[in-house]
Amino acid sequence: MREATRALQQIGLLEIIKNRGVFVRSVNLKQVVDIFNIRVCLAGLAASEAARRMTDAAVKTISELIDRMQAARNAEEYLPLNLEYHRQIFLLSDNERLTSLDMSLGKELRLFRLRGLRSSGSMITSNEEHRGILAALRDRNPELAGRLFEHHVLAGRDRFLSTIEKHEPAVPRGRGRPRKSAA
């Protein structure tokens, strides 16, 4: 139990308050948006570096993940494949620290990402974005791959926010809405 508690504390899901106990850490909407906005920068760097290191084997692996996401029947099936897709790109960047940062931040966002994927058409749109990113990676185009992956993370943030904006006060989005790219 102690090891599990420490592990959850390290990734920011639990808070230990001395002489009071262990509490599930709450994340407010602004913190969620802040994490998404940080991940935008990480994603751009990761995809740019991955495009420089892209291999035929990586193209095959990522393409298979996209096909499996296409076949997913719901967000609960889609999300683990989506997480693996993102992880593969970060691993291809060959930057362990970058990958570690994204994994840590991604754990905090998991439930929020799931909520965003449940909205109508989100999985289809997300997977179309995945295909565009893969095309840029396959073409070994670092600038386009970085820009498309940034756009994808911003769009994921916006998909999540669209599920709550009716019920919550407005939250600044930071880097703004994703723009249409000339891809």
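The values are calculated or read from the model by the stated rules, or taken from the named source; none is laboratory data. As the structure is a computational prediction, the values presented were derived from the model and not from experiment. Cβ coordinates were reconstructed from backbone atoms using ideal geometry, including for glycine residues, and neighbour counts include every protein chain displayed. These area figures cover heavy atoms from the full protein model, side chains too; ligands, DNA and RNA do not enter into them. Shrake-Rupley method; radii C 1.70, N 1.55, O 1.52, S 1.80 Å.
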Task: Subset tally (residues that are among the aromatic types (Phe, Trp, Tyr) and either modelled with pLDDT of 95 or more or within 16 Å of the chain's Cα centre (by Cα) (or both)) for the stretch 22-47 - done: 1
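Results for (1) hydroxyl-bearing (Ser, Thr, Tyr); (2) over 19 Å from PHE36 (Cα atoms); (3) within 11 Å of the chain's Cα centre (by Cα), shown as yes or no for each residue.
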| residue | (1), (2), (3) |
| --- | --- |
| GLN88 | no, no, no |
| GLU108 | no, no, yes |
| MET123 | no, no, no |
| ALA135 | no, yes, no |
TODO: May I ask you to list the residues in the stretch 133-151 that are open to solvent by 30 Å² or more (accessible area, probe 1.4 Å) and under 23 Å from ALA75 (Cβ atoms)?
DONE: GLU150, HIS151
Open item on the list: Of everything in the stretch 137-160, what is at pLDDT 95 or above, within 12 Å of the chain's Cα centre (by Cα) and among the charged types (D, E, K, R)? Give them in sequence order.
Closed with: GLU150
- [ ] Using the structure shown, decide if SER63 is under 17 Å from ALA155 (Cβ atoms) and more than 16 Å from the chain's Cα centre (by Cα).
- [x] no
Open item on the list: For a quick check of your reading of the model, give me the residue pairs whose first member lies in the stretch 1-19 and is under 12 Å from LYS107 (Cβ atoms), whose second is at pLDDT 80 or above and open to solvent by 90 Å² or more (accessible area, probe 1.4 Å), with beta-carbon atoms closer than 8 Å and at least 6 apart or on different chains.
Closed with: ILE11/LYS107; GLY12/LYS107; LEU13/LYS107
